[in-house]
1. Quick one: if the Förster radius is 51 Å, what FRET efficiency do A:Asp184 and A:Lys368 give, using the C-beta to C-beta distance and rounding to 0.05?
2. Along each principal axis of its Cα atoms, how long is chain D end to end? Whole angstroms, biggest number first, please.
3. Can you give me the C-alpha center-to-center distance between the stretch A:116-135 and the stretch B:325-343, rounded to a whole angstrom?
4. Using the Cα atoms as the points, what is the convex hull volume per residue of the stretch B:174-270 in Å³?
5. Using +1 on the beta carbon of Lys and Arg, -1 on that of Asp and Glu, and nothing else charged, what's the dipole of the protein assembly as shown about the Cα centre, debye to 20?
6. For helix B:342-354, report the angle its Cα long axis makes with the longest principal axis of the Cα atoms of chain B; keep it between 0 and 90° and round to the nearest 10°.
7. Once Rh for the stretch D:128-237 is found with the Kirkwood sum over Cα pairs, what is the Stokes-Einstein diffusion coefficient at 37 °C and 0.692 mPa s, in µm²/s?
8. Between A:Gln214 and C:Lys145, how many nm apart are label points set 7 Å from Cα along the C-beta direction?
Amino acid sequence: MVLNEEQRLLHSTIRDFLNQRAPVAALRELRDNRNPQGFDSDLWNELIELGVSSIVLNEDNGGLGFGWMGLGAVMEEIGRHLTATPMLSSIVIGAALIEAADDHHSTDLLPDVVAGTRNLAFACDEGLRYNPGATAAALENGLLQGEKTFVINGPGATDFLVLARTAADSKGTDGLSLILVPRDAAGVTVNRIHSVDGHSFAQIKFDQVAVDNQQIIGVPDRAWDTVAPILDRATLALAAEMLGGARELLERTLAYLNDREQFDVKIGSFQALQHRCAQLFCQLELAQSVVYKGLSAIDQGQQDVAKLASHAKVLAIDCYQKMSNEAVQMHGGMGITDEVDIGLFLKRSRVCNQMLGDSSFHRERFAKLCGY
Amino acid sequence: MVLNEEQRLLHSTIRDFLNQRAPVAALRELRDNRNPQGFDSDLWNELIELGVSSIVLNEDNGGLGFGWMGLGAVMEEIGRHLTATPMLSSIVIGAALIEAADDHHSTDLLPDVVAGTRNLAFACDEGLRYNPGATAAALENGLLQGEKTFVINGPGATDFLVLARTAADSKGTDGLSLILVPRDAAGVTVNRIHSVDGHSFAQIKFDQVAVDNQQIIGVPDRAWDTVAPILDRATLALAAEMLGGARELLERTLAYLNDREQFDVKIGSFQALQHRCAQLFCQLELAQSVVYKGLSAIDQGQQDVAKLASHAKVLAIDCYQKMSNEAVQMHGGMGITDEVDIGLFLKRSRVCNQMLGDSSFHRERFAKLCGY
Amino acid sequence: MSPIDEFRQQARAWLEENCPASQRRPVVKDEQIWAGRDRVFATPDAKLWFERMRDKGWTAPTWPTEYGGGGLSSEEEKVLEKEMARLNCRPALYDLGLWMLGPALLVHGNEAQKQEHLSKIVRGDIRWAQGYSEPAAGSDLASLKTRAVDMGDHFLVNGTKIWTTQADKADWIFALVRTDASGTKHQGISFILIDMRSAGVSTTPIELISGESEFCQTFFDDVKVPRENIVGGLDNGWTVAKELLKHERKLMATMESIVQREDESLVELAAEYIGMDESGKLNDSNIRSRITDQLMTAEALEYLNERLFFQYRSKQVDSGLPLTIKYLGTNAIQQKDELLLEILGNHGLSWQEQSHTPREHNIVQNWAYNKAHTIAGGTSEIQLNIIAKRALGLPA
Amino acid sequence: MSPIDEFRQQARAWLEENCPASQRRPVVKDEQIWAGRDRVFATPDAKLWFERMRDKGWTAPTWPTEYGGGGLSSEEEKVLEKEMARLNCRPALYDLGLWMLGPALLVHGNEAQKQEHLSKIVRGDIRWAQGYSEPAAGSDLASLKTRAVDMGDHFLVNGTKIWTTQADKADWIFALVRTDASGTKHQGISFILIDMRSAGVSTTPIELISGESEFCQTFFDDVKVPRENIVGGLDNGWTVAKELLKHERKLMATMESIVQREDESLVELAAEYIGMDESGKLNDSNIRSRITDQLMTAEALEYLNERLFFQYRSKQVDSGLPLTIKYLGTNAIQQKDELLLEILGNHGLSWQEQSHTPREHNIVQNWAYNKAHTIAGGTSEIQLNIIAKRALGLPA
């Protein structure tokens, strides 16, 4: 549950790189220019050169052995800098799904994905909120029909990994398959969603898209067995990103409190603010401990991290939400201006809340896993 | 929603009387002597002389016209002084039930109840928590069988008003009747419960108790129509008592903060404590406003105060619970000694939480009444 | 019939007759009727409604009739408000002059100032902005540095004010300026009225996190202001400012009613976006429970306001009670905003996007905009300080 | 096999062989093995278990063997703790000397003091009390007024200490006393060891809201204390006291493990007292949701402790992290207590009553007793002050 020497080096490398190359201003530029693919390809390629896309792959596939604790450190920095990248969708979820299929796809696709020449997006959500069990998109007679929304990295993806129902009369997460659909396949329409945080999602229509068996990744009808553990890992990675954002906010707020003067003293000397900051710090470290516990559990080969993933997501949501509200409040008038970065974190936190399941979803799942 | 001239006079009369005659020390004495009936009859008779037992009766029955806002003021003082009396059980619930029956019982019993020579307890709860719809006690073939628990004022009552099932095959709150059972009737066993707050409750067994039709109060099988609105009123009265306790705690805590010195200043000058006190004050006034709204609604003849009663109880629970925890904390070491009164309020608050329905019960009821 | 009941009847009849149907629906931002030289009306009905209310003096119901006000008692005003709420009538005029400057002028202005400014406010001819905060003087307002130097017949003003609400659209601004720097911070401040058309006044909009630019930074560069524009006496501005803060409660109540009018019903929204089970319970027990929290707070706040009204009417005001309103009210709004956003799920993440409805976009924008509520007009922290000292008597 | 794995195997084998079955169940209060001249054992098994652990030095696993300790490394100690937890072994000895005084003596005591006191602590022969707080010196400990006047070969102690844990049962007390009143508050304090049998020492129990009397007020009336009983040098007591506070984390962890051992499972209790529906959900959605809050906090705290252990082991301690433990841990306990009480419904209101079970009574009593946790040993407010300054670098 602590970073080792190599992981610390990775952490500081990524931090220095992003500080230099992609401070929060980079997100502003992306937002204001309405960058069509939703991320800066040059930046992404440079990050790939630093190795981020192979961190958690098996060594056979060129994995770097930094493990999930190492990945967590990278995600933390992405959260601190609000960096828009295909990391979560194309690597943490996409590459992992391809790798898990352990068949010709691994050999054919994985190198391209890791190199960034192919860019994957996992198309799962269909309604207002994350709920894979309610998947209605279906493959029948070789034709894929359905609509996916809130697809992370959708606008920038070259291929979609579509979760769709393939077993007739199946329910919930049974009878699903994972289907690889190229963006330019006939019948695919991608609408970009500019979200409140300056990042990009997509709404995607699959209208009678022809699919052959080669496009099914992994075991047909049994996709959930593979997908579920990977989404748990991705949820932990996302939680690490969120806490990176929260930590950045705490540090920026402390700096502001140590700088701003009112009533002839630093406002950081006011006890009420001190206690609130101290409580935020406690909350952050508590949530961080769950994230580390979850990441370590993956590294130690524990298969069942479902409960830890839900636990981490709920605490990360609470922490980032509270921290961002408090950061705005303690920055006073400046906090509500677009000029200052605080509001961008505020917005990012609410977007992260919805990704891969909101608080209600994960609280419910945690309770169920604990048996009450 | 403010007290009128007469109500203010009543309020200060009761306050002066209790300050003088029954400070919190009176409860300690009751507790330490394990007073068998659970209240001080002399004190109760003196309160009756001041008129508390007739405040909310109809004028025909000797009512004093102070209304429910007036009653609220009395309950507030009872809460401030932690006074143990049969007020809630025998008057606010008991006398009201008798009066509502509007038959020979009103003429026969009401004067005795108001004079304090008869003392009523409403026997409702059967399980771990308030849930009248689950009443199992039943009257069949003229015999009452069942067990009641947590009966407020049970040890001191001369008669019980027992909620029991009289319609065969009825469910929930349908098919219930209210039965007057003298304490000394054959088959009645009363076990006293010394509760954590120094007050007294009873567990009562009714074993084949012979009951004739004359003992049924109000319309047979339809008791709930009468009982429900009276319990709503009683719930508001209880909430007024609870906020009296919370207000007393706030005042005592402020006095302590203005007195105690540490680090060479009054601890009340610490901003973190100031903000917490200010938040408690806001919470108290918010809850108080709901209680006043409910009491005024009764005074204005609005029949349906169910939603306001549940609303008031939930906020009173939250407020008293939080206030008592904070009062202990801000009194530091002294707060956890029995020598100081704070702990008695702390315990009283938890007992009040359970009386007439806990937070979960009333939150659920509020939601149902609001249609979600 | 009692006089107040008679008034109720008359007011009701008048409103029913005079308030156009289109003005009886919750107002959207673009249709608010703001005062100003260049005021514009979204619809002919809006103009009609404004003019009828103005001519009756009911844009400022309690102000004296000699200045164009309605001359109502505060009890009558309350009745009028209730009747307007009953019909869902939109406010007939929006202006900081109406809400803040006017009441202060009535107390501290001299006759000439009242004559000059009050009726223009009632008639909505002038739109006022407020110039209080400065970049380095927020909660600590008294540390303000904008100077007005006495030049005999006029003052020369230099400095900058921040958070001046739509100063780019305002005709005049009331401001606090330093006229004497020799004493303590609270001394030597004057309350001054400045025509925004004066040479040397300029404004820059501030972009907010909601994407709007409702506020400006206003700059004063050697601005000449006539001596008679000082209100309440030279170096006595802090007294006037405090008077004005008293009316903040009223302003907040008005703002709340504005918010309420634009209000989303949590329950309806949740029923629509989350759905209910066969027993009529919302499908998400977590959100259901938080809706209970929110409704209980919001409804309790209404009762608190009502209680306060009865206290005012019976002249038995608990001095601490009014102090709680802003703190509680602004928190409640934000609590609700968070819940609304969450109920929308991924539809609560829109940013001017076709894939989402205007209603959804409105919820998101309000969520971001309303973060200002606990900061503007006295932060929550300042409110708690004040409650601790004034209502609870804790030591400074 | 690595040395640590070897140790694990040996420890496990030894514990399995030597820990009687009766000592492998959660310990109830009356069966705790407290040190002392007059120590009593609830059962012969308890005596056996204590003596075996004592003889191995494992009552103080990391203390040097020359003072009777176990001589383990901190890594081995952690392994031992885990192995004991695995078998549910009860702690073999309870004593403030073991948890607090001993570690401070190891750093600040002179050789004579170590020789005199440490092995008696390990062997459980002496029960220690702590004399820090005074009626007017709580959070502001340094304002303490109990005086020790230098009489050459001895000091004469006068004053009173409050919250001395079971001082009526203690053999010795370590106390902070003022030996010089001329400097600032933190100067002129000495750390002194006092035999409770000395003439002039008396104790009065303090009744708590839980009905227990675990604490005393201790009075010193012209008590003679030999000069050699000053630890860490005259007027240097504050340094020693600070050293001692460092071990508070360990104490808290121990106390937590005590609490955990007596622990009620929220889920089991709720299932029993509230019941579940056909789908396996608790019938009360409000309590169900709060159980989630509590479990998430409590389990996260375990992970935080574990993370801290790894940080210590890899010598990469985030300096702020240990500061959070007391604040978070004590809050979590109280949050759970409230929930347990509420789950019991009206059975959570018992007061030594036959109509309720001992388990129910225990929950109620713990609820009341544990209110002390956020006050004793540094209030939550002090903890937050410390975090703000030391971990976050906010100005004093």
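All of the numbers you see were taken from the coordinates with simple rules; none came from a lab. Predicted, not measured: the structure shown is a model, and the values here were computed from it. With ideal geometry, Cβ positions are generated from the backbone for all residues, glycine too; neighbour counts draw on all protein chains shown.
1. In this case the efficiency is close to 0.80.
2. On the principal axes, chain D reaches 78, 51, 49 Å in Cα extent.
3. First find each Cα centre; the distance between them is then 54 Å.
4. Details: hull volume 14.8 nm³, N = 97.
Expressed per residue, the convex hull around the Cα atoms of the stretch B:174-270 is 153 Å³.
5. 2220 debye
6. Roughly 30 degrees, rounded to the nearest 10.
7. Working: Rh = 13.8 Å.
Calculated translational D: 237 µm²/s.
8. Label-label distance for A:Gln214 and C:Lys145, simple model: 7.1 nm.
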